[in-house]
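For reference, the structure discussed in these notes is given below.
Read the figures in this text as sums done on the coordinates, not as results from a lab. Just so you know, these numbers come straight off a predicted model, no measurement behind them. Here the Cβ positions follow ideal geometry from the backbone for every residue, glycine too, while neighbour counts run over all protein chains shown.
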Amino acid sequence: MTRWLNPEEQRTWRAFLFASRALLETLDRELQRDSGMPHAYYEILVRLSEAPDRSMRMSDLADSLASSRSRISHAVTRLTEQGWVRREDCPTDRRGQLAVLTERGYEVLAAAAPRHVDGVRAHLFDQLSPEQLAQLGAIGTRLLDHLDPEHELR
């Protein structure tokens with residue numbers, strides 16, 4: 001038997017869903033306006049910047065972003081055209097490829113990051129009290145523990 005959402009649960013679900021979408025769409029618009037890249041490309045550059053030698057296997061990059069391999073491959077192709085990423089053969093697996101953040105890509109990321117952080121702060125952190133931020137952190141952790149028990153997305 002289906003446990004339908006009651007009116008309060010429905011309001012909570014929709015507020016969460018619409019606020020999440022609106023936040024991500026706003027951050028994407030701002031990155032496009034300020035840095036000429038979508039949020040998805042920014043996230044790829046961030047992951048590569050945090051990886052050892054600023055490189056990751058393409059399959060690991062896709063997994064870390066909870067994205068399909070074909071979507072990541074297409075994005076890396078676009079980033080390669082920009083000169084922000086390059087592809088290299090994986091030295092330990094002839095079939096694998098690495099995505100490597102170039103110096104130019106790092107510079108683009110470093111230029112984009114302050115404005116992006118300002119947006120995250122303005123649209124999320126500055127809107128919540130310290131208590132609400134603690135609650136949001138606890139809620140996010142709880143949901144991730146349930147949805148990502150193997151910690152593949154963190």
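May I ask for the net charge around ALA19, where only other residues with Cβ less than 14 Å from the Cβ of ALA19 are counted and Lys, Arg are +1 while Asp, Glu are -1?
With Lys, Arg at +1 and Asp, Glu at -1, the neighbours total +2.
Could you tell me which residue out of ALA111, PRO130, VAL76 lies farthest along the dipole of the stretch 36-147 toward its positive end? Charges go on the beta carbon: Lys and Arg +1, Asp and Glu -1, centred on the Cα centre.
Of ALA111, PRO130, VAL76, it is VAL76.
Please arrange THR2, THR77, THR26 by counting, for each residue, the other beta carbons lying within 10 Å of its beta carbon, fewest first.
Result, fewest neighbours first: THR2, THR77, THR26.
Please list the non-local residues whose amide H lies under 5 Å from the amide H of CYS90, H modeled 1.01 Å from N, same-chain partners needing a gap of 5 or more.
HN-HN under 5 Å from CYS90: GLY96, GLN97, LEU98.
Hey, can you grab everything whose amide H is under 5 Å from the amide H of THR102? Only 5+ residues off in sequence or another chain; H modelled, so Pro and N-termini drop out.
Those lying under 5 Å, H to H, from THR102 are VAL85, ARG86.
Give me a comma-separated list of calculated 3J(HN,Hα) values for the stretch 23-37, in order, Karplus coefficients 6.51, -1.76, 1.60 applied at θ = phi - 60°, integers in Hz, x for any Gly or Pro.
Couplings: 4, 5, 5, 5, 4, 5, 4, 5, 5, 4, 5, 7, 10, x, 9 Hz.
Show me 70-76, 91-97, 111-117 ranked by packing, highest mean number of other Cβ atoms within 10 Å first.
70-76, 111-117, 91-97
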